[in-house]
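A short worksheet on the structure shown next.
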Amino acid sequence: MTGVMIVTGASRGIGAAVAELAARQGYAVCMTATSSISEAEAGAEAIRQNNGRAIAVRADVGKEADIMSMFETVERELGPVTVLVNNAGITGRGCRVEDIDLDTLSSSFGINVLGSYLCAREAVRRMSTAKGGQGGAIVNVSSRLSELGGSGEYVHYAACKGAINSFTVGLAREVATEGIRVNAVSPGVIDTSIHVPGRLDRLTPMIPVQRPGTAMEVAETVMWLASDAASYITGAVVPVSGGR
Ligand code: NAP
């Protein structure tokens, strides 16, 4: 299935790689970002230069009104959404649980969990065959920390991604007969700017394959889960982690 894909957080890293690959495969792509919207604009422009269809939309997934207007813009400019990739995410400030503050917790859960949840709600409202839609696919971006726990630095982030795993399974079963598949990728250590300086080097010896992954390696799995090649897969959380 190709069609119209929304990729949240597509200005850089994994989201930018997904958008690039999706455009190459024939999707019309909506690339969202917040403060780095000019990078998303540049990504969309590069796709258009290659005869693809892409728009960039400023939308903070931590704000319901932004999500609602982003979906309206996509429908108006590109057509009915067929794939949602819930990629936008933040780690929040790294610290032990005893040092966490409410702002870090609220923004982490607000962007990583509530943002994905609300985007999926809007996608289901439009895709569900029970509501007159044409079906579609949702791919959530989890993290291996959902199972490893993130002790000492990112327990709040790991807990958010644990919620994403449960959400993936539950929503997948809820809409299984409505033409919508819901899956997640669970990246290990991927070489993007989400990491604080030195973190990649510190973690690399703990990765079985002894190297971080690339954004494109995650994007390939996202695209496969979104495609008809994965037509019998729903409710899966697929590690992309070099064995971690
Ligand atoms: P990244 O390079 O920091 O990119 C994050 C993207 O999300 C940016 O486009 C950013 O744009 C956007 N974003 C952040 N907050 C947003 C908000 N409130 N609303 C909309 N967009 C927002 O990160 P990445 O490594 O590619 O991570 C992408 C996803 O993979 C995240 O969900 C992350 O948790 C997950 N992940 C990454 C790794 C890894 O090792 N890199 C491992 C496991 C899971 P703005 O700055 O403009 O907001």
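The values are calculated or read from the model by the stated rules, or taken from the named source; none is laboratory data. These figures come from a predicted structure and were not determined experimentally. In this analysis, Cβ positions are derived from the backbone assuming ideal geometry, glycine residues included, and neighbour counts consider all displayed protein chains. Calculation scope for accessible area: heavy atoms of the full protein, side chains included, ligands and nucleic acids excluded. Shrake-Rupley method; radii C 1.70, N 1.55, O 1.52, S 1.80 Å.
Here are some notes:
- Within region 132-155, the set of residues being away from the ligand (no atom under 12 Å from the Cβ) and open to solvent by less than 20 Å² (accessible area, probe 1.4 Å) comprises Gly133, Gly135, Gly136, Ala137, Ile138.
- Some residue of region 168-177 being under 22 Å from Gly110 (Cα atoms), under 19 Å from the mean Cα position of the chain (by Cα) and within 16 Å of the ligand (Cβ to nearest atom): yes
- For region 211-234, the set of residues classified as closer than 15 Å to Tyr27 by Cβ, within 11 Å of the ligand (Cβ to nearest atom) and open to solvent by 30 Å² or more (accessible area, probe 1.4 Å) is empty.
- Only one of the listed residues (Arg126, Arg58, Arg121) is under 19 Å from the mean Cα position of the chain (by Cα) and under 14 Å from Thr32 (Cα atoms). That residue is Arg58.
- The single condition among (1) away from the ligand (no atom under 15 Å from the Cβ); (2) more than 30 Å from Thr82 (Cβ to Cβ) that Met206 does not meet is (1).
- Residue that is most open to solvent (accessible area, probe 1.4 Å) [pool: residues in region 180-200 that are part of a loop (DSSP other than H, G, I, E, B), within 7 Å of the ligand (Cβ to nearest atom) and among the aliphatic types (A, V, I, L, M)]: Ile194
- Residues in region 62-89 that are free of Cβ contacts under 8 Å to residues at least 40 places away in the same chain and closer than 27 Å to Ser186 by Cα: Lys63, Asp66.
- Yes/no for Glu98 being over 25 Å from Thr34 (Cα atoms) and of a type in the set (Asp, Glu): yes
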